[in-house]
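To keep things clear, I will list the structure first and then write my remarks on it.
What follows draws every value from the coordinates through simple rules; no lab data is involved. What you see is a predicted model; the values in this text were computed from it and never measured. So basically every Cβ, Gly included, is an ideal-geometry build from the backbone, and we count neighbours across all protein chains shown.
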Amino acid sequence: MKYIFGNWKMYLNNDESVTFAKEFKKEKLKDKNIEIAIFPTALAMISVQKVLKKNGVEFGAQNCAWAPKGAYTGAISALMFKEAGCKYALVGHSERRHVFGNSNEDVRKKLEAVVSAGLIPVLCIGETKEDKDNDKTKYRLKKQIMEALGGLNVSGNRIIIAYEPVWAIGANNPCHPSDADDIHGFIKEELKKYIKEDVAVLYGGSVNADNVAAYVKLETVDGVLVGGASIKIGAFAPLVKAVRNSI
Ligand code: PGA
């Protein structure tokens with residue numbers, strides 16, 4: 001099984017999201033060996049599901065609160081996303097960490113909330129350019145994994161990791177597939193300290209239809225988390241086809 005997850009970030013409004021969904025449906029890209037999930041904005045979640053739910057597409061939250069309910073103005077809980085038909089939730093995306101200041105501690109709290117709501121967290125980890133330049137990639141990943149997963153009770157099929165080097169996101173500067181292979185191998189070894197079953201590890205950062213095959217062909221790469229190339233049907237449909245043709 002390979003995963004293709006499309007993170008729409010704050011790019012598409014409700015009408016644009018529905019238009020995308022209708023175009024995507026026409027492409028008939030369902031494949032039993034591929035799990036496709038879309039992470040629309042919260043406002044478009046229901047309307048996009050109405051179009052795509054019966055087409056084998058799953059849905060996820062881009063971010064959620066760590067509390068289940070209460071006086072948290074502007075927040076939406078993991079439980080609410082679950083009730084709204086989601087299967088997944090991104091946790092610790094680099095934009096939440098670096099633009100909105102989420103700490104490893106916040107990430108951990110959200111992870112617990114997502115797991116207890118019955119959603120599958122997609123825990124995003126990745127080093128900054130500065131980490132990379134200072135040879136601290138593995139140190140950073142190890143720390144992020146330890147602070148997220150230490151003492152967490154979750155089985156391997158109820159969590160997904162996304163390796164997203166911060167310097168590769170939205171930058172047209174993908175991590176070389178052989179480097180991604182090496183780092184995914186490292187991540188999988190680290191994960192064994194916390195979770196006994198195999199955990200899927202996705203690659204994210206400047207993935208597109210032209211380079212996706214080089215990642216998904218790797219045994220260490222269980223799929224991709226796609227931002228920019230997931231918001232236009234002319235980019236996303238060829239990406240899904242490229243995965244289909246390469247596995
Ligand atoms: P990108 O974003 O594909 O635009 O680099 C990936 C992500 O942020 O998940």
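See the values below:
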item: Three-way shape call for segment 129-184 based on the alpha-carbon gyration tensor, with the a/c threshold at 1.5; result: prolate
item: Prolate/oblate/rounded call for segment 2-106, Cα gyration tensor, a/c under 1.5 rounded; result: prolate
item: Overall dimensions of the chain as given by Cα atoms, namely Rg and Dmax in Å; result: 16.8, 48
item: Alpha carbon centroid spacing (whole Å) that separates segment 75-122 from segment 1-45; result: 19
item: Furthest towards positive pole of dipole, I160, P174, V207, structure part the chain, Cβ charges; result: I160
item: Relative contact order for segment 36-75, counting Cα pairs under 8 Å that sit 6 or more residues apart, in percent; result: 48
item: Percent RCO, i.e. relative contact order, over segment 2-73, from Cα pairs under 8 Å lying at least 6 residues apart; result: 38
item: The chain: calculated mean residue ellipticity at 222 nm from DSSP helix runs of at least 4, using -39500 (n - 2.57); result: -11500 deg cm²/dmol
item: Relative contact order of the chain, defined on C-alpha pairs under 8 angstrom at six or more residues apart (%); result: 19
item: Debye, to nearest 20: dipole size of the chain, +1 on Lys, Arg Cβ, -1 on Asp, Glu Cβ; result: 800
